[in-house]
Amino acid sequence: MKKQYGITVEEALTLGVVNRLRVVGGNDGLDRVIKLVNIIEAPDIMDWVLEGEFLLTTGYSFREFPELMSMLVTKMAQAKSAGLAIKPKRFIKEIPPDLIANANRYGIPLLEVPYDLSFSEIIAPILGVIASKQNQVLQKLEQGNRKLTEMMLHGSTLDDLCYETSLLIHNPVAFVDRDCKLYTSPLCPNKEQF
């Protein structure tokens, strides 16, 4: 279910020109889910990295302090961030080997951005897919809400509501009415657990 709200790094690498990014480290983390995309050009970003965040940088703010880039990957791993894409050649010559080693250690995908590719060409298709997936989830929630509301307005039983809710969320459901009577969906484990 977590992929409904984002796109894996591996899936992102199949989109348009995003496929031109080259994975240089952290191959084990290509299944990490991108929920947000952010451009970073301040070394203190480490205090604000987020879960599911995919970061892009030219390395400008790290040019004098390359060791901070390795620390960034460690912080990204702790925050469960999605990945890091770096555009070398302008401010940093190449992606430092210790950064690649750290990305491999933590399974944080580390990508090299071609010099001629703009960040907006990377961001637009990724955010487009994320927005589309989020819209699909919202539509399903609205349909489910409408269906349950209709059932309640037309006098459906708690057994029926329990069953339908279970189908909508793909999980067991249990209700207790005000008389403490238990209603469970067919997917529910043993009633004695309640």
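Annotations for the structure displayed:
- In the set (1) surrounded by 15 or more Cβ atoms within 10 Å (Cβ to Cβ); (2) modelled with pLDDT of 95 or more; (3) farther than 15 Å from I126 by Cα, R22 fails one condition alone, (1).
- Scanning the stretch 154-170 finds one or more residues that are over 25 Å from E11 (Cα atoms), in contact with a Gly (Cβ under 7 Å, 6 or more places away or on another chain) and modelled with pLDDT under 90.
- Among all positions in the stretch 89-112, there is no residue which is under 30 Å from L138 (Cα atoms), of a type outside the set (A, V, I, L, M, F, W, C) and surrounded by fewer than 19 Cβ atoms within 10 Å (Cβ to Cβ).
- For the stretch 49-82, a residue qualifies if it is assigned to a helix (DSSP H, G or I) and over 18 Å from Y106 (Cβ atoms), and the qualifying residues are Y60, S61.
- Residues located in the stretch 46-70, provided they are under 22 Å from A124 (Cα atoms) and buried (at least 18 other Cβ atoms within 10 Å of the Cβ): V49, G52, E53, F54, L55, L56, T57, T58, G59
- V49 modelled with pLDDT under 95 and hydrophobic (A, V, I, L, M, F, W, C): yes
- For the stretch 9-35, the set of residues classified as under 14 Å from the mean Cα position of the chain (by Cα) and in contact (Cβ under 8 Å) with a residue 40 or more places away in the chain consists of V9, E11, A12, G29, L30, R32, V33, I34, K35, listed by residue number.
- Annotation: of all residues in the stretch 116-154 being farther than 26 Å from I86 by Cβ and among the hydrophobic types (A, V, I, L, M, F, W, C), the one that is surrounded by the fewest Cβ atoms within 10 Å (Cβ to Cβ) is L153.
- Residues of the stretch 125-179 satisfying the condition of being small (G, A, S) and closer than 30 Å to L36 by Cβ: G128, A131, S132, G144
- Put simply, of L158, L167 the only residue that is over 30 Å from G25 (Cα atoms), surrounded by 12 or more Cβ atoms within 10 Å (Cβ to Cβ), aliphatic (A, V, I, L, M) and in contact with a strand residue (DSSP E or B) (Cβ under 6 Å, 6 or more places away or on another chain) is L158.
- Any pair with Cβ under 6 angstrom, 6 or more apart, that starts in the stretch 44-67 at a residue that is in contact (Cβ under 8 Å) with a residue 60 or more places away in the chain and ends at one that is surrounded by 17 or more Cβ atoms within 10 Å (Cβ to Cβ): F54/I34; F54/V37; F54/A82; F54/G83; L56/A85
- Any hit, the stretch 71-84, residues being of a type in the set (G, A, S), crowded, with 21+ Cβ neighbours inside 10 Å and at pLDDT below 95: no
The values are calculated or read from the model by the stated rules, or taken from the named source; none is laboratory data. This one's a predicted model, so the numbers in the text were calculated from it and none came from an experiment. Note that we place each Cβ from the backbone using ideal geometry, even for glycine, and neighbour counts take in every protein chain shown.
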